[in-house]
Amino acid sequence: MFKNKNILIGITGGIAAYKIIELIRLYKKNNANIKVIMTENATNFVTPLTVRTLSNNPVYIKQFETDNLFPEHISLGNWADIFVIAPASANTISKIANGICDNLLTSIVCAFSKPIIIAPAMNCEMWNNPIIKENIKKLEKLNYNILYPEAGFLACGTSGVGRLCPIEQICEKTYEKLKYKNKKLSNKKIIITAGGTRENIDPVRFLGNYSSGKMGVALADAAYDSGAEVVLINTFNHKSNYKTITVSSAIEMQAALAKEKQNADCIIMAAAVADFRAKKIQKHKIKKESTDDNFTIELTRNPDILTELCKTKSNNQIIVGFCAESENLLENAKSKIQKKQCDYIVANDVSRKDIGFASDENEVYIIDKNLKIMKLDKTSKKIIAEKILEFIYGEN
Ligand code: PMT
């Protein structure tokens, strides 16, 4: 079930911590590699020795007690395919929801871009506290996977909602989150472009656009999390576990694609590529004094990278374009897919402030060659990215 999968468990201070011993055994029985972080409070409920013996690995507690050259919050995060926090106390939930990183566990969460499962367990009054409820809502909105606690008799002597969900449910959720990665995109090479190109005018000025690269990075992360070999060609520097190439102009982006595209199974053009560049880039800064009030820059057309890719693509290659419009979105998107001849086009309305350029969320329409349209309602770019990949590879 979990062969070759690395599961990082975070245990926080709560009586349900003893149940995680069984969870570790269940994961191990299903061939997972397990590493465990415990908060200082968690060590009052179960001993690190028990956890170490069952997980067959050292237990990580303190943030700064290590011989490792790389900070643990980065290296453990890199190692893990998924992070399961159980039981998650009210304290830890609230810290995560507010970006507080005052121990190893919360620091790892803050630097972790793969799936996180949170299984809260606490006294029912704490669970009903509006602040905790608000924090849970916030985390859910940010795409954390919350496994809600159950009603029942609680260790504090009362009855109510607050009991850790069954460990089998945590195990199933872990499998569900890793399943897509297990099955779908291993053995696929996916190239994604991100960001807005910059077309230099002189050494200090350029023609650009509002793209932040978030949509492209979300796609690259989702493809990587699904097991694909990923190459991200981005106009911004971006650190990740997959290959990234930083480019600036459309011509540089086209050259990087030309080098990478041969054995690619899929190319997704999420970048906002300038249609024009300055015909001549000035060697020195253009001086105000050297221009008059109606200064003109002569532009020349950039290559249409997407159209060229579609013309030269190999049989099994899937090419996906994006379409950024401020009016007549679907009409323009349909004519774009027909003109550019890509396999899919993902259309978004860039006149809206809440989606599109630089936003953390998007709302898109995926259109295929038969002009079949599927709408993905507004949600995080992370989920939009996962759904785009599911759509493409569900059909192929
Ligand atoms: O980066 P973010 O801030 O997260 O914003 C995301 C986004 C709005 C940039 C993204 O969702 C998006 O819409 N990307 C495409 C932007 C764009 O250039 O759209 P277009 O309709 O002008 O171009 C259509 C397609 O042709 C695009 O896939 C584009 O990459 C490609 N193109 C365009 C011009 C050109 N010379 N060569 C190209 O390959």
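Work out, in µm²/s and without decimals, the Stokes-Einstein translational diffusion coefficient of region 309-376 at 25 °C, 0.890 mPa s, Rh from Kirkwood over C-alpha pairs.
Answer, rounded: 198 µm²/s.
Over region 13-54, what relative contact order in percent results from Cα pairs under 8 Å that are six or more residues apart? Relative CO of region 13-54 lands at 58 percent.
Residues in region 92-103 carry Karplus couplings, in order, of 5, 4, 5, 5, 4, 5, 10, x, 7, 10, 9, 8 Hz; the curve used is 6.51 cos²θ - 1.76 cosθ + 1.60 with θ = phi - 60°, and Gly or Pro positions show x. Taking amide H as placed 1.01 Å from N in the peptide plane, the amide H of residue 231 sits under 5 Å from that of 190, 191, 192, each at least 5 places away or on another chain.
Note the full-extension length gain between residue 172 and residue 237 as 0.36 nm times their separation in residues minus their Cα-Cα distance, in nm to one decimal.
19.8 nm
Ordered from highest to lowest accessible area with the whole protein assembly present and a 1.4 Å probe, 26, 164 read as 26, 164.
If you take every DSSP beta bridge whose two residues both sit in the chain, what share of them, in percent to the nearest 5, is antiparallel? Walk me through the intermediate numbers first.
Numbers: 21 of 64 bridges.
Here the antiparallel bridges make up roughly 35 percent for the chain.
When the alpha-carbon atoms of region 1-50 are used, the pair Rg, Dmax equals 11.1, 32 angstrom. Placing +1 on the Cβ of every Lys and Arg and -1 on the Cβ of every Asp and Glu, with no other charges, gives the chain a dipole of roughly 780 debye about its Cα centre.
Across the chain, Cα pairs under 8 Å and at least six residues apart give a relative contact order of 11 percent. The long axis of helix 167-183 is offset from the longest Cα principal axis of the chain by roughly 30 degrees.
Excluding same-chain neighbours fewer than eight residues apart, the lysines reachable from residue 279 by a Cα-Cα span under 22 Å are 287, 288.
Relative intensity of the chain on a log10 scale, I(q)/I(0) at q = 0.09 Å⁻¹, equals -0.64, per a Debye sum over C-alpha point scatterers of equal strength in the absence of solvent. Each of 318, 328, 358 was placed along the dipole of the chain (beta-carbon charges, centred on the mean Cα), and the one lying farthest toward the positive end is 318. Average projection, convex hull of the Cα set of region 112-227: 11.1 square nanometres. Enter the accessible area per residue of region 49-195 (Å², integer; probe 1.4 Å; all protein chains in place). Result: 48 Å² of accessible area for each residue. The 3J(HN,Hα) values that the Karplus relation (6.51, -1.76, 1.60; θ = phi - 60°) gives for region 234-239 are, in residue order, 10, 8, 10, 5, 8, 8 Hz. Gly and Pro appear as x. For region 264-363, the solvent-accessible area of protein heavy atoms averages 60 Å² per residue (probe radius 1.4 Å; ligands and nucleic acids excluded).
3J(HN,Hα) along region 20-33, derived from phi through the Karplus expression 6.51 cos²θ - 1.76 cosθ + 1.60 where θ = phi - 60°, amounts to 6, 4, 5, 5, 4, 5, 5, 4, 5, 4, 9, 6, 7, 8 Hz, with x in place of Gly and Pro. A Gaussian network model of the chain, with springs between Cα atoms under 10 Å, assigns the largest mean-square fluctuation among 178, 54, 139 to 54.
Of the solvent-accessible surface of region 153-257, computed with a 1.4 Å probe over protein heavy atoms with every protein chain present, carbon and sulfur atoms account for 50 percent. Taking amide hydrogens as placed 1.01 Å from N in the peptide plane, the amide H of residue 150 sits under 5 Å from those of 162, 163, 164, 165, each at least 5 positions away in sequence or on another chain. Among 159, 55, 380, the largest mean-square fluctuation in a Gaussian network model of the chain (Cα springs under 10 Å) belongs to 159.
Using 0.36 nm times the number of residues separating residue 308 and residue 281, minus their current alpha carbon distance, what extension gain do you get? The partial results should precede the final answer.
Numbers: separation 27, 0.36 × 27 = 9.72 nm, distance 2.45 nm.
Extending this stretch completely gives an extra 7.3 nm.
Remark on residue 63: its backbone amide H falls under 5 Å from those of 104, a criterion applied only to residues 5 or more positions apart or on other chains, H modelled at 1.01 Å from N. Taking all protein chains as they are arranged and a probe of 1.4 Å, the heavy atoms of residue 247 leave approximately 10 Å² accessible to solvent. Relative to the dominant Cα principal axis of the chain, helix 329-340 is inclined by about 70°. Accessible-area rank, largest first, for 210, 148, 60: 210, 148, 60, with all protein chains present and a 1.4 angstrom probe. If the segment from residue 315 to residue 375 were pulled out straight at 0.36 nm per residue, it would be longer than the present Cα-Cα gap by 18.9 nm. GNM remark for the chain: springs join alpha carbons under 10 Å apart, and the peak mean-square fluctuation among 298, 134, 40 falls on 298.
Only aspartates and glutamates eight or more places from residue 381 in sequence, or on another chain, were considered; those with a Cα closer than 13 Å are 221, 354, 360, 361, 363. With a 1.4 Å probe rolled over the protein heavy atoms of all chains, the accessible area of 352, 198 falls in the order 198, 352, largest first.
The values are calculated or read from the model by the stated rules, or taken from the named source; none is laboratory data. Bear in mind that the values here come from a model prediction, so they are computed numbers and not experimental data. So basically every Cβ, Gly included, is an ideal-geometry build from the backbone, and we count neighbours across all protein chains shown. The protein model used for the area step is the full one, side chains on, heavy atoms only, and it has no ligands, DNA or RNA in it. Shrake-Rupley method; radii C 1.70, N 1.55, O 1.52, S 1.80 Å.
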